[in-house]
Amino acid sequence: MTNFKQAFAHWCFRDLTDAQAKQIYDIDITGVEMPPAEDYTKWLDRGFTIATIAGHQTLRDGLNKTENHTALPTNCALIWT
């Protein structure tokens, strides 16, 4: 049996109460995708994993441009420290 990990997109449930977040976590949805950096601690304190982070602001100004690659270590360090 495969053990899949589930996550939800932050923008679908922006204003969850702690009780609602616990209900989501209790049904084994333990990841949150692309929350704002200022909310990382809130989600981590609730036990969630940050599944994906936003590395840029728009698709047209994304990682396809090499000048944006230098921001990756900074963005990743926000959740790995």
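Rule-based calculations on the coordinates, nothing more; no lab input. All of these numbers come straight from a predicted model, not from anything done at the bench. Cβ atoms come from the backbone with ideal geometry, glycine included; neighbour counts cover every protein chain shown.
Apply 1/(1 + (r/R0)^6) to the Cβ-Cβ distance of residue 45 and residue 13, taking R0 = 22 Å, and write down the FRET efficiency to the nearest 0.05.
With R0 = 22 Å, the Cβ-Cβ based efficiency is 0.85.
Amide H of residue 8: which non-local residues (sequence gap of 5 or more, or other chain) have their own amide H closer than 5 Å, using H built in the peptide plane?
Sorted by chain and number, the residues that satisfy this are 31, 32, 33.
If you project the alpha carbons of the range 6-80 onto their three principal axes, what span does each projection cover, largest first, in Å?
That gives 41, 23, 19 Å along the principal axes, largest extent first.
Kindly write out, for the range 17-27 in residue order, the coupling ³J(HN,Hα) from the Karplus curve 6.51 cos²θ - 1.76 cosθ + 1.60 (θ = phi - 60°), rounded to whole Hz, with x marking Gly and Pro.
For the range 17-27, the Karplus curve yields 7, 4, 5, 5, 4, 5, 4, 5, 4, 5, 9 Hz.
What are the ³J(HN,Hα) values, in whole Hz, obtained from phi via the Karplus relation 6.51 cos²θ - 1.76 cosθ + 1.60 with θ = phi - 60°, for each residue of the range 31-47 in sequence order, with x given for Gly and Pro?
Per residue, the Karplus-derived 3J(HN,Hα) values read x, 10, 9, 6, x, x, 3, 5, 9, 3, 4, 4, 6, 5, 5, 7, x Hz.
For the range 1-42, state what percent of all Cα-Cα pairs lands in each successive 5 Å bin, counting from 0 Å until the bin that includes the largest distance.
Per 5 Å bin, starting at zero, the Cα-Cα P(r) for the range 1-42 comes out as 5, 21, 31, 26, 10, 4, 2, 0 percent.
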